[in-house]
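Step one of this worksheet: look at the structure below.
Every number in this text was worked out from the coordinates using simple rules, so none of it is lab data. Please read all numbers here as calculations on a predicted model, not as lab measurements. Here the Cβ is made from the backbone with ideal geometry for all residues, glycine too, and neighbour counts use every protein chain on show.
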There are 2 protein chains.
Amino acid sequence: MSTSKVAANDVQRAYHHGDLRSALLDAGLKALETTDIADISLRQLARDVGVSATAVYRHFPDKQALMQALAQAGIDQLGAYQQRAATKAHGSAEAFAATGRAYVRFALANPSLFRLTFGQCDRAGHSLFGENLAAKMLRERAARASRGDAEAEQTLMIQAWAVVHGLAMLMLDRQLPADDALIDRVIDARTLFGGYALGSNSDESP
Amino acid sequence: MSTSKVAANDVQRAYHHGDLRSALLDAGLKALETTDIADISLRQLARDVGVSATAVYRHFPDKQALMQALAQAGIDQLGAYQQRAATKAHGSAEAFAATGRAYVRFALANPSLFRLTFGQCDRAGHSLFGENLAAKMLRERAARASRGDAEAEQTLMIQAWAVVHGLAMLMLDRQLPADDALIDRVIDARTLFGGYALGSNSDESP
DNA sequence: CCTCTATGTTTACGGCATCAACATTTAGGT
DNA sequence: ACCTAAATGTTGATGCCGTAAACATAGAGG
């Protein structure tokens with residue numbers, strides 16, 4: 001739950017909501033759990049929260065701004081999810097593969113939110129994801145796997161990201177079965193890139 | 001241009017259009033060149049073609065059906081584009097990599113159409129892409145690279161598809177720069193999967 | 001206590017997908 | 001050649017949507 005200024009026992013609707021902005025974001029995240037991204041409507045969110053349609057505009061300049069805020073929440077959740085997965089794994093190569101599998105599983109568990117996350121750019125058209133936790137781990141791991149060669153490093157990083165992102169999208173779009181075992185098989189430290197990117201230069205043995 | 005039953009010199013609008021279905025699809029494809037997928041409207045297409053808004057419903061049960069028809073056109077175009085790329089390449093490993101690069105370049109050249117293609121499923125929720133030309137080449141090539149082991153074959157095929165699809169989506173969504181040289185670097189027969197999937201078992205030398 | 005600002009509300013506009021009822025044109029059977 | 005039925009278009013209406021303008025209220029700071 002997000003913060004709310006209204007007392008817990010205050011039942012009837014006050015003229016002022018208390019923390020409408022947070023309430024709208026909560027409602028948005030909840031709606032994204034069950035609703036296709038194109039079917040999210042400001043009016044419905046307002047109804048859910050018990051407020052008039054145009055009240056939204058006191059907190060967001062337009063729908064796009066609300067969606068962008070939801071996308072940011074999605075990025076944060078994804079990062080936390082990956083972090084947890086990495087922590088449970090043993091060894092850095094396994095941890096890296098674990099973040100990849102977590103990326104795909106998060107997408108499958110939160111389809112609309114995941115799509116929103118990667119469909120939104122800031123007003124200048126720049127990625128919201130770039131400074132994400134997972135993005136940082138990705139860069140760090142790629143650097144380790146390709147000491148010295150900066151271009152090879154970038155290439156490996158992008159290949160790794162592309163595999164997990166592609167797998168996630170193809171499963172979300174039903175081009176591939178959303179099969180849990182398949183995720184493990186495709187994102188496997190021992191076989192992906194012939195073990196090159198993940199295993200070769202790492203700090204532990206297979 | 002698609003077929004049209006109206007005489008070429010017949011200028012004024014007849015009550016019957018002649019071949020409204022094809023005209024709508026043409027207009028849809030043209031609109032997708034410049035318009036975001038969410039901003040395509042039946043009414044606008046009808047206006048473009050010079051027909052009333054509801055005339056569309058004589059040829060498509062609903063908007064979704066029209067979009068699906070456009071998606072099928074996108075699949076066909078993508079397949080043809082990849083086919084041409086493969087033909088120009090020398091050697092089967094290079095040809096395979098060429099289809100991958102073509103996949104990404106097609107996506108960048110036709111963003112809305114590409115998205116539509118992979119966002120649409122048939123009424124039963126099955127992929128429209130499965131029987132595509134490129135999909136077949138992909139299967140065939142993966143089979144060659146992993147003689148015998150059926151599971152490894154499937155894994156390789158999916159990894160290859162995921163890399164190109166992921167790269168395409170990340171570039172479309174501005175998560176990565178839509179850089180032509182970068183595409184070549186990421187999809188390279190000599191480095192991708194450590195050369196395993198593409199070069200090892202192939203029928204020509206590097 | 002009084003006013004200013006933040007926050008909500010009502011009303012209204014134009015656009016959308018879609019439905020129902022009506023009009024025209026074309027095709028097929030006699 | 002006619003007459004009818006099916007195919008194809010049109011008009012009009014419904015109920016959504018995002019958003020703008022004008023108005024209302026509540027709470028904060030002087």
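Annotations for the structure displayed:
- Ellipsoid equivalent to segment B:71-195 - semi-axes via the Cα gyration tensor, in Å: 21, 19, 14
- Cross-link partners for A:LYS63 among the aspartates and glutamates, with Cα-Cα distance under 20 Å and sequence neighbours closer than 8 places in the same chain left out: A:ASP19, A:ASP26, A:GLU33, A:ASP36, A:ASP39, A:ASP48, A:ASP122, B:ASP36, B:ASP39, B:ASP173.
- 3J(HN,Hα) from dihedral phi, segment A:31-47, Karplus parametrisation 6.51/-1.76/1.60, rounded to Hz, x for glycine, proline: 4, 5, 5, 10, 10, 4, 4, 6, 9, 6, 10, 4, 4, 5, 4, 4, 4
- Teacher prompt: A:ASP62 distances to equivalent labels in other copies, 7 Å Cα→Cβ, nm: 2.8
- Per-residue Cβ neighbour counts within 10 Å put B:MET157, B:MET137 in the sequence B:MET137, B:MET157, beginning with the fewest.
- Label-point spacing at A:GLU140 relative to the other copies reads 4.6 nm, in ascending order, each point sitting 7 Å out from Cα along Cα→Cβ.
- Remark: mean inter-chain Cβ contacts per residue of B:170-177 equal 6, using a 10 Å Cβ-Cβ cutoff to other protein chain atoms.
- Per-residue shielding of A:153-164, expressed as the average number of other chain Cβ atoms within 10 Å of the residue Cβ, stands at 6.
- The other copies place their B:ASP188 label points at 2.6 nm from this one, listed shortest first, where each point is 7 Å from Cα along Cα→Cβ.
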